[in-house]
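The values are calculated or read from the model by the stated rules, or taken from the named source; none is laboratory data. Because the structure is predicted, anything quoted here is derived from the model rather than measured. Every residue, glycine among them, receives a Cβ derived from its backbone with ideal geometry; neighbour counts consider all protein chains shown.
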Amino acid sequence: MQLKRLTICSVMAWILTLALLAVSAQGQGRPGNQAPAVQGPWMDKSLSPDRRAELLVGQMTLEEKISLLHGVGRKAFFQFPGSQPPPGSLGGAGFIPGIPRLGIPDLQMADAAVGVTRGARFSRYSTVLPSGTSEASSWDLELAHDYGALIGRELRDQGFSMSLGGGINLAREPRNGRIFEYKGEDPILAGKLVGQEMKALQEQGVIGDIKHYAMNDQESGRNFVNAKIDRRAMRESDLLAFEIAVKESGAGAVMCSYNLVNGDYACENSYLLNDALKKDFGFQGFVLSDWGGTHSTTKAALAGLDMEMPGDTYFAEALEKAVKSGEVPMSRLDDMVHRLLRTEFAVGLFDLPPDRKVVDIFAGFDVAQRVAEQGTVLLKNAQGQLPLSASRLKSIAVIGSHADIAVLSGGGSAQVDPPGGNAVPPPPPPPGAPRMAFFNRVVWDPSSPLKAIRAKAANAKVEYNAGLDYGAAADLAKASDIAIVFVNQPTSEGRDAPSLSLPDNQDQLVDAVAAANPHTIVVLETGGPVTMPWIDNVSAVLEAWYPGIRGADAIANILFGDVDPSAKLPLTFARTEADLPHPSLTKQPPPAGEADMATPTPGAPFRMNTTRFEVDYDEGLKVGYKWYDAEDKQPLFAFGYGLSYTSYAYSDLKVRQGQAVTVTFNVKNTGARPGAEIAQVYVSLPASAGEPPKRLVGWDKVHLAPGEAKTVNLTLDPHYLSVFNADKGGWELVAGDYKFWVGGSSRNLPLSQILKIGD
Ligand code: BGC
């Protein structure tokens, strides 16, 4: 208790210091976004964003237009120690100065996938939210809205006008190091979640960005890999996620990715940018390149790229020259500028620019904890091991993963500075050692599972062992009523997980503890799926992902039953890597003359390899569960799976065709505890459609008291029942028998009904 109070006090003191520093930074008149009050017809709020942009573009010189289409400085300043932000920048990842003469505000961009990043250096505080995968495990659109709204508010309160969050690449390659930023493997689930998140963010008056468009499904060699995939497969999988998110959110920006797609860089790929995104999805905003992802001037501009970030290699003087020579028509240049300005008008940057103030820390804690509670998945619970009974337990062993002080976070540009800095700082590098790449840093958030567990089990002896000496860990486990082993998988932008196995022999640690105590509970802190060779020997498993600043409280609430676990997996866990579409990661070949370049590992220095290579996504649209269904493989844990402390029964399915297809069924809580069931609807298309066995088309999260039953009514979007006809370049419904399935996971669907659609 004493300890807990101390920690709360020190965190609060730290936060207060930051808040005061933030206020004083404002007082010192640091730059903001406030555009000078300028009168002009484009300031008439009664006009549409497009009309206002049109009027404004008409006032601009060629130089002014070009100045809005690229960042300043060839190199992103934040990547270099001791470097300073360009004048006027608030220190975010990207900055484009405005045009005071016309009242055009600065564009201040910050990475914000799981919270606003890189603030601590400027005395700013941001909430460390649980990872995108945690949010996705909630399947909860309202929660996704809260997640986006919080990020939007904190961006605004820090003076930023644009987010670089909104990651939506599908977990096609489960070893992808950025899975923690994304929303799982299903395009409809991911699309709807990111759609809500970006909608909410933009409601706060900040531009939302969806990334990384497209097929950036692995980090290994991400700047040099050509992703090969057929058009239909691409449109029905990865691109469908973007399509749904763009349409549902009206997001102002899309970031094109580093890789090539079918031979062209994504940022100069006319099919992706002009045909699919701008024409078919109706995207009205602007496309910006990933940092350093622009490779040409004319080709990129004509293919649909609107902005080069973060520098000025291709879209400054070179673009001016191309426009003057007529290679890039003035009409295209005007379109590029129009797209940016109409977005700024639509979001409100001209009328209500961000106003810097102190972040509401407690609102952040609340959202962070709710997301972690709704996003932690109970994967195994033999003999009702969980929830734990605080009154019956006399001793608890807590083992591994720095669980005495911290929870893990994901790395790279999405990593949010935790209050007080890295809770587990790495040892100082030996003198003369090369600088560690920022992708290889491992950052821990100060949220102590040990303390949270102690607070729940006040009468039990709760002891910690670091898990480095397996014998000592096993001894503690043996001497305790139960053992809770925390294991982790650090992942990051810039490097993929070398395999699906837990690193650092943690499987052996679990084996040792499980052999010593039959009541062993494993808590996973991973970016994505991992294999579990010990699964039969442990009694319970919780997947907590990277659970954020309130992760420890959320984990303890679930372990002790104060919160019923309701989350379901947004991606498949394979039994073994041999079952994956690509059993080994497609790696970048070593540079000519070198034998090998090891996969970047935590703690290692960064090396550049520019060798081009190809990844053939020949599994096509069979991403995740669609692959396991089509190949008839049994996953370790299926998409949509997750346990609760209560149980549910499904009945009375009725599928009807009206204006649209509607699905009605009942869900009943058959257990003794209240809970929330994520009820899922899948469909098998007619055989002639040539699709995988089934796809998710709808779901609902049903909150039920013990014994309570509710009727779920879902109207299905016809788009979700359609297939993409690559020859015609459009979506169509195939006539025939559609089989609708309903249940609690992709592999547990007790209800089904066939409905004939079409002639
Ligand atoms: C990442 C982007 C990020 C950008 C700016 C790039 O390395 O791929 O996701 O927004 O850096 O930090």
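Go through the stretch 457-507 and count every residue that is in contact with a Phe, Trp or Tyr (Cβ under 9 Å, 6 or more places away or on another chain) and in a helix (DSSP H, G or I).
Final tally of qualifying residues: 2.
Do we find a residue being more than 28 Å from the chain's Cα centre (by Cα) and of a type in the set (D, E, K, R) anywhere in the stretch 664-674?
For the stretch 664-674, residues more than 28 Å from the chain's Cα centre (by Cα) and of a type in the set (D, E, K, R): present.
Which pairs do you get when a residue that is within 16 Å of the ligand (Cβ to nearest atom), found in the stretch 477-504, comes within reach of a residue that is acidic (Asp, Glu) and modelled with pLDDT of 95 or more, reach meaning Cβ atoms under 6 angstrom, with the pair 6+ apart or on two chains?
Gly494/Glu219; Arg495/Glu219; Asp496/Glu219
Take the residues in the stretch 187-200 that are among the small types (Gly, Ala, Ser) and closer than 16 Å to Glu243 by Cβ, then tell me which one is nearest to the ligand (Cβ to nearest atom).
Top of the filtered list is Ala190.
Assess whether Leu260 counts as being under 27 Å from Lys626 (Cβ atoms), away from the ligand (no atom under 16 Å from the Cβ), at pLDDT 95 or above and within 23 Å of the chain's Cα centre (by Cα).
For Leu260, the condition - under 27 Å from Lys626 (Cβ atoms), away from the ligand (no atom under 16 Å from the Cβ), at pLDDT 95 or above and within 23 Å of the chain's Cα centre (by Cα) - is not met.
Out of curiosity, is Ile453 assigned to a strand (DSSP E or B) and touching a residue at least 60 places away in the same chain (Cβ under 8 Å)?
No, not satisfied.
So, of the residues in the stretch 201-228 that are in a loop (DSSP other than H, G, I, E, B), closer than 27 Å to Gly152 by Cβ and hydrophobic (A, V, I, L, M, F, W, C), which turns out to be nearest to the ligand (Cβ to nearest atom)?
Ala214
Residue by residue through the stretch 379-408, note down the ones that are in contact with a Ser or Thr (Cβ under 9 Å, 6 or more places away or on another chain), outside any loop (DSSP other than H, G, I, E, B) and surrounded by fewer than 23 Cβ atoms within 10 Å (Cβ to Cβ).
Once the filter is applied, which keeps residues that are in contact with a Ser or Thr (Cβ under 9 Å, 6 or more places away or on another chain), outside any loop (DSSP other than H, G, I, E, B) and surrounded by fewer than 23 Cβ atoms within 10 Å (Cβ to Cβ), the stretch 379-408 yields Lys380, Asn381, Ala382, Gln383, Ser395.
Residue check: is Val513 crowded, with 24+ Cβ neighbours inside 10 Å, at pLDDT 95 or above and within 30 Å of the chain's Cα centre (by Cα)? Give the derivation first.
Details: crowded, with 24+ Cβ neighbours inside 10 Å: yes; at pLDDT 95 or above: yes; within 30 Å of the chain's Cα centre (by Cα): no.
The answer is no for Val513.
Pick out the one residue from Ser289, Ser270 that is more than 18 Å from Gly177 (Cβ to Cβ), of a type in the set (Ser, Thr, Tyr) and surrounded by fewer than 24 Cβ atoms within 10 Å (Cβ to Cβ).
Selected residue: Ser270, the only one of Ser289, Ser270 that is more than 18 Å from Gly177 (Cβ to Cβ), of a type in the set (Ser, Thr, Tyr) and surrounded by fewer than 24 Cβ atoms within 10 Å (Cβ to Cβ).
Suppose we filter Arg124, Arg153 for residues that are at pLDDT below 95, among the charged types (D, E, K, R) and away from the ligand (no atom under 16 Å from the Cβ); which single one remains?
Arg124
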